[in-house]
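A short write-up of the structure that comes next.
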C-alpha cells in the first residue's frame, strides 16, 4: 500500500481525531486501569465501612440489652436477699418465743425464764 491509500483510509475513519483517539487510548490505558482499580478499592472500602457501622450499632444494642439484663438480675437478687432476711428474722422470733415459753401449770402471771 502506498501512502495515499493509508492517508485516505485514515481520513475515512476519522482523520486526525481518529489518530489522536487511538494514540490516547494506547497511552492512557495504564492510567485508566489505575483509576478503575482505585474506584474498585473505594467501593470495597465503602462496603467495609458500612459493615463496620452495622456491627458497631449491633454491638451497642447488645451492650444495652446486657445492661438491662444485669439490672434486672440485681433487682431479683436484692428481692431474694430481702426475703431471706425476713425469713431469718421470723426464725429468730420463733426461737426467742420457744426460749421464753413457760411450761409450768398456772403460770400466767409468772415471768418466763431467761432475761432477754
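Under the condition of being surrounded by 10 or more Cβ atoms within 10 Å (Cβ to Cβ) and at pLDDT 70 or above, the residues counted in the range 12-30 number 8.
When 61, 36, 77 are checked against the criterion of being surrounded by 10 or more Cβ atoms within 10 Å (Cβ to Cβ), out of contact with any helix residue (DSSP H, G or I) (no Cβ under 6 Å at 6 or more places or on another chain) and modelled with pLDDT under 95, a single residue qualifies: 36.
The values are calculated or read from the model by the stated rules, or taken from the named source; none is laboratory data. Remember, predicted model here, so these are calculated numbers, not experimental data. Using ideal geometry, Cβ is built from the backbone for each residue, glycine included, and neighbour counts are taken over all protein chains shown.
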